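The values are calculated or read from the model by the stated rules, or taken from the named source; none is laboratory data. A quick note: this is a predicted structure, and the numbers were derived from the prediction, not measured. Virtual Cβ from ideal backbone geometry, glycine too; neighbours counted across all protein chains shown.
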């Protein structure tokens with residue numbers, strides 16, 4: 001958020017996925033306990049299900065009226081931002097597993113011919129534009 005000069009507002013619905021009993025564990029540790037586990041299919045015991053995360057993202061977008069007439073900047077954790085992208089595109093929650101999102105990357109959700117689109121995803125280097 002360094003250098004951002006716009007109005008900042010904390011949005012609780014952009015909180016990271018509630019990992020419940022898996023909080024603090026790596027994917028490898030979880031797989032050791034539950035072979036074949038997949039976040040976007042199985043969710044987390046004591047935490048959120050994939051459908052709950054997607055619904056949270058959908059509610060956020062509906063309330064904000066996205067796509068907006070202007071620009072909005074969202075800062076958040078990787079898993080919830082994947083869900084925001086899927087919700088924006090109207091895709092099922094399983095699509096989130098196909099979206100890689102690295103720390104401190106930039107993604108741009110836009111529209112093409114009035115339809116939601118991903119303009120850029122997971123940018124980590126300046127594009128020079």
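Taking residues in region 77-97 that are on the phi > 0 side of the Ramachandran plot and in a loop (DSSP other than H, G, I, E, B), and partners anywhere that are at pLDDT below 95 and surrounded by fewer than 24 Cβ atoms within 10 Å (Cβ to Cβ), the pairs with Cβ atoms closer than 9 Å and at least 6 places apart or on different chains are 90/116. Based on this model, can you work out whether residue 100 counts as loosely packed, with under 11 Cβ neighbours inside 10 Å, free of Cβ contacts under 8 Å to residues at least 24 places away in the same chain and under 22 Å from residue 15 (Cα atoms)? Judged against the criteria, residue 100 is a match. Being within 23 Å of residue 99 (Cα to Cα), exposed (fewer than 12 other Cβ atoms within 10 Å of the Cβ) and under 16 Å from the mean Cα position of the chain (by Cα) is the filter here, so list the residues in region 1-40 that pass it. The one that is within 23 Å of residue 99 (Cα to Cα), exposed (fewer than 12 other Cβ atoms within 10 Å of the Cβ) and under 16 Å from the mean Cα position of the chain (by Cα): 12.
Got a number for residues in region 41-67 being at pLDDT below 95, over 13 Å from residue 83 (Cα atoms) and surrounded by 14 or more Cβ atoms within 10 Å (Cβ to Cβ)? Looking only at that region, the number is 2.
In this structure, does residue 81 turn out to be modelled with pLDDT of 95 or more and in contact with a strand residue (DSSP E or B) (Cβ under 8 Å, 6 or more places away or on another chain)? First the steps, then the outcome.
Numbers: modelled with pLDDT of 95 or more: yes; in contact with a strand residue (DSSP E or B) (Cβ under 8 Å, 6 or more places away or on another chain): yes.
Yes; evaluated as a whole, the condition is true for this residue.
Against the definition (under 15 Å from the mean Cα position of the chain (by Cα), modelled with pLDDT under 95 and more than 20 Å from residue 38 (Cβ to Cβ)), how does residue 74 come out, yes or no?
On the way: under 15 Å from the mean Cα position of the chain (by Cα): yes; modelled with pLDDT under 95: yes; more than 20 Å from residue 38 (Cβ to Cβ): yes.
The answer is yes for residue 74.
Inside region 98-119, residues that are closer than 24 Å to residue 27 by Cα, assigned to a loop (DSSP other than H, G, I, E, B) and out of contact with any helix residue (DSSP H, G or I) (no Cβ under 7 Å at 6 or more places or on another chain) make up a count of 5.
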